[in-house]
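Working notes, structure below.
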């Protein structure tokens with residue numbers, strides 16, 4: 001068994017600069033992905049609030065934020081957004097989890 005001095009080890013789990021999470025694409029290993037059904041969306045922004053990976057695309061150019069869809073490169077398929085999405089319009093949620101077809 002060989003031992004490498006600390007200076008030769010790669011560091012892991014260290015954030016070298018703040019606000020750089022968007023630079024890393026992390027959604028390529030998921031099995032399920034949220035499907036956005038725009039007609040059912042009331043733009044409550046619960047999906048954006050609860051998403052742990054900044055995978056919700058929003059438009060902030062108007063008077064209130066509007067949900068625009070899912071950023072596939074960041075979505076890990078955890079389903080939190082779909083779980084928190086209220087079944088408001090027509091009794092149906094705007095986000096439902098579906099099996100990803102690759």
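Sticking with the crude label model, points 7 Å out along Cα→Cβ, report the distance from residue 44 to residue 31 in nm, one decimal please.
2.8
Evaluate the distance, in nm, between pseudo-label points positioned 7 Å from the Cα of residue 61 and of residue 89 along their respective Cα→Cβ axes.
2.0
Quick check: Cα centre of the stretch 23-85 to Cα centre of the stretch 88-102, how many Å?
11
Given contacts defined as C-alpha pairs under 8 Å and at least six residues apart, what's the relative contact order of the stretch 16-102, whole-number percent?
41
Is the shape of the stretch 38-102 rounded, prolate or oblate, going by the alpha carbon gyration tensor and its root eigenvalues a ≥ b ≥ c, with a/c under 1.5 for rounded and a/b larger than b/c for prolate?
Oblate shape, in that a/c is at least 1.5 and b/c is the bigger or equal ratio.
Each reported figure results from applying straightforward, stated rules to the coordinates on display, with no laboratory input. Just so it is clear, the structure is predicted and the values come from calculations on it, not from any experiment. Neighbour counts run over all protein chains shown; Cβ positions are idealised from the backbone, glycine included.
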